[in-house]
Amino acid sequence: MRNRDWGDVIGGILLVIVGLYFSIQAGEYDLGTLRRMGPGFFPRTLGIFLIALGLLIATLALFRDGDLPKPRLRPFAAILGGILAFSLSVEWVGMVPATFLLVGISTFAEPAARPVPTLILAVALSVIAVVIFSHGLSIPLPAFRWPF
Amino acid sequence: MEILANLGLGFATAFSPMNLLYCFFGVFLGTLIGVLPGIGALATISLLLPVTFHLPATAALVMLAGVYYGAQYGGSTASILLNLPGTPAAAVACLDGYPMAKQGRAGVALFMTTVGSFAGASLGIVALSVFGPKIAEIGLAFGPAEYFSMMLLGLIAASTLSQQSPVKGIAMVVFGLLLGMVGTDVNSGALRFTFGLPGLIDGINLVAIAMGLFGVSEVIASITSLHAGRVAKGGISLRSMVPTRDDLSRSWLPMLRGGGVGSFFGALPGAGASIASFMSYAVEKRVARDPSRFGKGAIEGVVAPETANNASAQTAFIPTLTLGIPGDATMALMLGALMIHGIIPGPGLVSEHPDLFWGLIASFWIGNVLLVILNLPLIGIWVRILAIPYRLLYPAILLFVCLGVYSINNSVFDVGVAMVFGAVGYVMILLRFEPAPLLLGFILGPLMEEHLRRALLLSRGEVTVFFERPISAGFMIATFLLLGWAILSMIRRRRPAA
């Protein structure tokens, strides 16, 4: 198989999908006329532009060498997992446990796990978070909350 | 001498203890995050946006602007010492700065970039105070057609002048414009593209999308790439920073040219610091008597781009403040900060809020003097900060992202939005799509739709209105010329440089 710029092929296809969603969904809203545009007009037009651009990017890439980018799943999963854990837990158990979850999970982004420095970091960051955000900016989040 | 009276008002505003404090805080933080690779001005400013709710408008802008131009100073430090740009605009400084460091001349390079940065910023500030009010006067005559054409020009310029392929840039702008459509339509009240989620009724939160695209995804990408961090041995002594007579005589003309190039590109809507510094490097290489010295530690190649990006950081405020058109994504966040305070940036801003406009300009002078102090004697501290391992840094960045996004609306949903756009941003980095045009489109999307609707309503649906009004026609012609140039260069290049 010939070597092609698969990164751009994938990117172009993704853009076509996004463009399709927006232009089809825009059909649900009133399109209106050029003189009196409805809420669907601008997004419908942009969606069609995006489909065209996506097709152009993907087509050009078929005639060009390139490499397939290699995603690094470990940092991707660890960082997003940490944020997800934080957002699910913070209103439920409070700021300090959520910070520990965020720091604990996101350190798995790197292969070498170091429990002690991670623990110290989590404690330090919890203190900073409580001082700056709870007290300084008066966000209505307690340091701890007992859900039971 | 109206301008002197105005500057007098400006300095009176900027020298108030509170504004001075926020100016210092801004430039200090700006230098810090500029020095550190992996977190930039954009992420920092979006982090600070929630804080600015609690500040008066002038203090908020003074602080955010300080972060922006402070980062331009700090950015070159990591470029010179580690061959790793602290900010995108400082990438050019690697080309000749790192070879200088390897020759043991890191101190000179750091000294001369600071001098150049100050010179560039000064030129930029002069341009801003002279041309800003003039452009605002012209802007008063703008109607919806002119605004639409100008935004179109800005978006096309932002996407075609960047380093990536123009088609991908334009695609990102269109994607951003579409994301800007999410939420309630102001004209009809219709809910658009909300997936039935109540959290999206007011649209996607600006801070959440910016933090996701520029904070979270940068962290994911940096973890794998930021391991080779070793600072040149011995540290930087003040004595090693003294330039030779030859260095000085080689540098002053490039500084002037860099300042000119930077001021010009900074003021163009859609261009920005990165473009200015690359252009200035290209100019120096072209006018040099011996171009082969470039890339091997030529001081001109370090000084000129650094002067240019600082000049552009100041003139970037011209279109932002006087026309309400952000030059780049960071400026778009500044616009957001102004709008939070109920100030609509545009031609009326200079006359309606003279204390804000001139106070900001005066704070730029003060901030730049502070930056010289921060960067020359204290350079050793910044060098040592580069030695902080990234594994201690990124959990802190993530925590500030989460809490910063949460604090805007006290909404966990927004934190989730930041996570989703972190994933989107990482995919974009992998596939080499730039996130900055997307954010610019996102912010301009609702404004563009509004002006398009109004222009066509006034013209009774005649699209020719954009070409009949002279100023609008000028923007349209410039847009088409840019597009034509982009297509030409694409055909000639065939293969984009990786």
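Computed from the coordinates by the stated procedures, all read-outs in this text should not be read as laboratory data. What you see is a predicted model; the values in this text were computed from it and never measured. For neighbour counting, all protein chains shown are included, and Cβ atoms are generated from backbone atoms with ideal geometry for every residue, glycine included.
Where does the charge balance sit around B:Thr184 when Lys and Arg score +1, Asp and Glu -1, over other residues with C-beta under 10 Å from its C-beta?
Spelling it out: positives minus negatives among the neighbours equals -1.
For a test of understanding, tell me how many lysine pairs in the protein assembly as shown have Cα atoms under 22 Å apart, given they are 8 or more places apart or on different chains.
Close lysine pairs found across the protein assembly as shown: 6.
In chain A, if the dipole is taken from +1 on Lys/Arg beta carbons and -1 on Asp/Glu beta carbons about the Cα centre, which of A:Ala113, A:Ile139, A:Pro69 is farthest to the positive end?
A:Pro69
Counting other beta carbons within 10 Å of each Cβ, put A:Trp6, B:Trp358 in order, fewest first.
Least to most surrounded, the residues fall as A:Trp6, B:Trp358.
Per-residue ellipticity at 222 nm for chain A, helices alone: DSSP H runs ≥ 4 residues times -39500 (n - 2.57), over residue total, nearest 500 deg cm²/dmol?
So the helix-based figure for chain A works out to -21000 deg cm²/dmol.
Sum up the charges of everything whose Cβ sits under 12 Å from the Cβ of B:Pro437, counting Lys and Arg as +1 and Asp and Glu as -1, but leave B:Pro437 out.
-1
Going by how many other Cβ atoms sit within 10 Å of their own, how do B:Arg432, B:Arg453 line up, fewest first?
Ranking B:Arg432, B:Arg453 by Cβ neighbours within 10 Å, fewest first, gives B:Arg432, B:Arg453.
Average partner chain C-beta neighbours within 10 Å, per residue of A:77-89?
6
Counting Lys and Arg as +1 and Asp and Glu as -1, what is the net charge of the other residues whose Cβ lies under 14 Å from the Cβ of A:Leu50?
Once all neighbours under 14 Å are counted, the net charge is +2.
Quick check: pseudo-label points 7 Å beyond the Cα along Cα→Cβ at B:Ser188 and A:Ala77, how many nm apart are they?
So the label points at B:Ser188 and A:Ala77 sit 4.4 nm apart.
Using the crude model of +1 on Lys and Arg Cβ and -1 on Asp and Glu Cβ, and no other charge, please compute the dipole size for the protein assembly as shown relative to its Cα centre, in debye to 20.
1840
Please sort by residue number the trypsin sites (Lys or Arg not before Pro) in the range A:1-44 whose DSSP state is loop and whose Cβ has at most 15 other Cβ atoms within 10 Å.
A:Arg2, A:Arg35, A:Arg36
For B:Ile388 paired with A:Arg4, estimate the spin-label separation in nm (one decimal), with each label point 7 Å from Cα along the Cα-to-Cβ line.
4.6
Roughly speaking, what is the stretch gain from B:Asp355 to B:Ala141, that is 0.36 nm per residue apart minus the C-alpha to C-alpha distance, in nm to one decimal?
Full extension of this stretch gives 74.7 nm more.
Amide H neighbours of A:Gly32 under 5 Å, counting only residues 5+ apart in sequence or on other chains, H built in-plane at 1.01 Å?
So A:Gly32 has HN proximity to A:Gly38.
Quote the FRET efficiency, to the nearest 0.05, computed for B:Ile3 versus B:Val369 with a Förster distance R0 of 22 Å and r equal to the Cβ-Cβ distance.
0.65
In chain B, with Lys and Arg counted as +1 and Asp and Glu as -1 at Cβ, which of these residues, B:Ala190, B:Gly180, B:Tyr98, has the Cα nearest the positive end of the dipole, that is, farthest along it?
Result: B:Tyr98.
For a quick check: sort B:Val405, B:Val420, B:Val242 by the number of other beta carbons within 10 angstrom, fewest at the front.
Ascending Cβ contact count within 10 Å gives the list B:Val242, B:Val420, B:Val405.
Across peptide A:7-17, what mean number of C-beta atoms from other chains lies inside 10 Å of a residue's C-beta?
Mean shielding by partner chains, rounded to a whole number: 4.
Please work out the FRET efficiency for the pair B:Asp246 and A:Ile48, using the Cβ-Cβ distance as r and a Förster radius of 45 Å; give the result to the nearest 0.05.
Given R0 = 45 Å and the Cβ-Cβ separation, E is 0.15.
Collect residues whose amide H, placed 1.01 Å from N in the peptide plane, falls under 5 Å from the amide H of B:Arg192; neighbours closer than 5 in sequence don't count.
B:Gly183, B:Thr184, B:Asp185
What FRET efficiency do you get for A:Leu68 and A:Arg36 if R0 is 45 Å and r is their Cβ-Cβ distance, rounded to the nearest 0.05?
E between A:Leu68 and A:Arg36, to the nearest 0.05, is 0.40.
Which value in deg cm²/dmol, rounded to the nearest 500, describes the helix-derived mean residue ellipticity at 222 nm for chain B, given -39,500 (n - 2.57) per DSSP H run of n ≥ 4 and division by the residue count?
Using -39500 (n - 2.57) per qualifying helix, the result is -24000 deg cm²/dmol.
Between A:Leu125, A:Phe42, A:Phe100, whose Cα lies farthest towards the positive end of the dipole of chain A when Lys and Arg beta carbons carry +1 and Asp and Glu beta carbons carry -1, centred on the Cα centre?
Working it through, the farthest residue towards the positive pole turns out to be A:Phe42.
Residues of B:76-85, mean number of Cβ from any other protein chain within 10 Å of their own Cβ, rounded to a whole number?
Mean number of neighbouring Cβ atoms from other chains: 0.
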